[in-house]
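Notes for the one structure printed next.
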Amino acid sequence: MKKLFATILVLSLSVSLLGGCSEKAEENSASVEGSEKATSTDNQTSNDEVTVDIGDKSETIALDIWTGNLEYMNDDTFAKNWLEERHNIEITYKDWPTDEQIRLMIATDEIPQWWQNVTLTDYQNYVDEEVIREIPMEYIEKYAPKYLEWIYTFFDDPWQYYRQDGKIYSMPSPWTLGAYNKVIGIRKDWMENVGVSETPETLEELEALYTKFRDNDPDQNGEKDTYAFTAIGSDDEDKMFFESFGMVFGAFDVFPNTYQVKDGTYVRGEILPEAKEALTVLNRWYENGLIDPEFMVYKKENMRKSVVSERVGSLVDGWYHFLPPEAFYGGYYVENMKGTEAQWEIIAAPEGPNGDSGLMQTNPLFNAGFVFGKNTTDAEMVRILQVINDSAFNQETFITLLKGEEGITYNYDEEDGFVWIPPYDDQVKRREFGIELTAGVTIGGCFNDYELQKPINTLPRYLDDRAAAEALATGKYDQLASVIKPVWSENEDHLTQMTLENYIKFIIGDRSLDEFDDYVQEWLNAGGQEVLEEADAFYKMYN
């Protein structure tokens, strides 16, 4: 992979709209309400530039579409009628199934035409059990060329880890946002209140600022009741504990709970000597009262509430949550702290003693993507590919499915972007009409060309702020997240839990850091040695 495999290269992209994609639950839960206007036409691609080969569609094809808005999907909605007429298809909308429901369908031989967000383990099983069918590359080249153009922008060989015996069984749907997602947010008003005007650039400078957040009454209430930093202490939500402290680990060029390259092979970051150095800093921060002492019981929502309640002045989260929702779907800390003095500054990961820096990001290819059931016919596959190519990669189609018809449901203004025409300024009316139904309007919503989507989700006045925020989301991610790893899968749960428990003990002082090497040996003895041997074999295979 040339652009999204090791150190993150920052791009100007954004978040999913059309297809009910579950890349990250939080990003999908963001409402369209916060972004009713968008960028100027300068950011739109002309129709000539997005010419899509609709192909021969003389035969009407019946297609199923999974949706999270089934109550709105009657036979006379705008989006349904528009898609059916455009692609000569008959759509049946069905409730979006869970992974377990998909497996039940397969077990009862009711295999869907298509589904997406397939886990790596399920993907391997589906191939082995011949549940899914091969996708001929010539079909993709002919009927979904825009998809190919998009995915090859990021990867030299997007099928490197998914190809089976030289055959393609999936269409990867990378969550490219994940690669430049996490940043450090700091209360700018608190910085001003404690007399700091310069953005901290080193770990030492950040610690000095955090000390002032503890000591100098940043909320100006006359009490010493604030903490500098908070985190997630639970592994229930995508193991975000490690991401929460990512800037400290990154300052020592170590990324726990990931595979990274050291000394000519893949290693696990949590057992590297540099992790002990980072934990030493975190232990000092905790002992000195810089870290919220309740972090070890926090899940994501608890962490966020500690910030919204103005108890804490800094944390790691997605960059879009420190900006207004009109800049991108999110805006959590802006929206939930209205009425307070809160102002946010996004900063780059601080440099450590050797000049290292970075945050833990997410490998874009963390699942196998989009697959076709074994009973899907060639004609159905071709039509599905055509619909994907049109609805995910044709900006005009994308806008039509979300906004409807210009002059009827919206007007476009050079200053304010898309502006709803009454009665469609009421979200209920929009959904009854059949637009803005973000969770499952069409097929292939996980194929997110975020640059193409920008007119929908960023107001013109926030373009610069958004670009600046994205540029600060640097770091590394798990380089083997895309690879099916049987040994790791067998050991993942107990090894991760072991690391989580020991790291918390190291941070809060319940276990001496003098015993870090003992923890490493315990980890190796519990299956970790076999995990490393598997990783080394992958390194030799792929490098």
If you take the residues in the stretch 123-139 that are touching a helix residue (DSSP H, G or I) at 6+ places or on another chain (Cβ under 7 Å) and not in a loop (DSSP other than H, G, I, E, B), which one is most open to solvent (accessible area, probe 1.4 Å)? Y139
Checking D189 against (1) open to solvent by 30 Å² or more (accessible area, probe 1.4 Å); (2) modelled with pLDDT of 95 or more; (3) assigned to a helix (DSSP H, G or I), which test does it fail? (1)
Name the residue that is farthest from the chain's Cα centre (by Cα), counting only residues in the stretch 157-172 that are under 11 Å from A368 (Cβ atoms) and outside any loop (DSSP other than H, G, I, E, B). Q164
If we keep only residues of the stretch 83-114 that are in a helix (DSSP H, G or I) and more than 30 Å from the chain's Cα centre (by Cα), then the residue surrounded by the most Cβ atoms within 10 Å (Cβ to Cβ) is H87
Where residues in the stretch 330-345 are touching a helix residue (DSSP H, G or I) at 6+ places or on another chain (Cβ under 7 Å) and in a loop (DSSP other than H, G, I, E, B), which of them is most open to solvent (accessible area, probe 1.4 Å)? E341
Select from the stretch 353-398 the residues that are in contact with a helix residue (DSSP H, G or I) (Cβ under 8 Å, 6 or more places away or on another chain), open to solvent by 10 Å² or more (accessible area, probe 1.4 Å) and more than 29 Å from S482 (Cα to Cα) and list them in ascending order. P353, E396
Kindly establish whether Y286 is within 24 Å of the chain's Cα centre (by Cα), open to solvent by 10 Å² or more (accessible area, probe 1.4 Å) and aromatic (F, W, Y). no
What helices (runs of 4 or more DSSP H) lie completely within the stretch 193-262 and have 1 or more residues being over 24 Å from V520 (Cα atoms)? 203-215
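Here's the yes/no breakdown for (1) on the phi > 0 side of the Ramachandran plot; (2) crowded, with 23+ Cβ neighbours inside 10 Å; (3) small (G, A, S):
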| residue | (1), (2), (3) |
| --- | --- |
| Q160 | no, no, no |
| I184 | no, yes, no |
| S197 | no, no, yes |
| K212 | no, no, no |
| N216 | no, no, no |
Mind checking which pairs have a first residue in the stretch 450-467 that is charged (D, E, K, R) and a second that is not in a loop (DSSP other than H, G, I, E, B), Cβ under 6 Å, 6 or more apart or different chains? K454/N43
Can you tell me which residue is farthest from F255 (Cα to Cα) among those in the stretch 427-447 that are modelled with pLDDT of 90 or more and touching a strand residue (DSSP E or B) at 6+ places or on another chain (Cβ under 8 Å)? R430
Test: residue in the stretch 321-329 that is of a type outside the set (V, I, T), free of Cβ contacts under 8 Å to residues at least 60 places away in the same chain and either open to solvent by 10 Å² or more (accessible area, probe 1.4 Å) or under 25 Å from E436 (Cβ atoms) (or both): no
Quick count over the stretch 346-365, residues being within 11 Å of V248 (Cα to Cα), among the small types (G, A, S) and either in a helix (DSSP H, G or I) or within 23 Å of the chain's Cα centre (by Cα) (or both), is 3
Going by what's in this entry, would F245 be described as more than 20 Å from E515 (Cβ to Cβ), among the aromatic types (F, W, Y) and either at pLDDT below 95 or open to solvent by less than 40 Å² (accessible area, probe 1.4 Å) (or both)? no
How many residues are open to solvent by 70 Å² or more (accessible area, probe 1.4 Å) and either among the aliphatic types (A, V, I, L, M) or assigned to a helix (DSSP H, G or I) (or both) when one looks only at the stretch 399-431? 3
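The values are calculated or read from the model by the stated rules, or taken from the named source; none is laboratory data. On a predicted model such as this, the values are computed, not experimentally measured, just so you know. As a convention, Cβ positions derive from the backbone with ideal geometry for all residues, glycine included, and neighbour counts pool all protein chains shown. Each accessible area value is taken on the protein alone, full model and side chains, heavy atoms only, with ligands, DNA and RNA left out. Shrake-Rupley method; radii C 1.70, N 1.55, O 1.52, S 1.80 Å.
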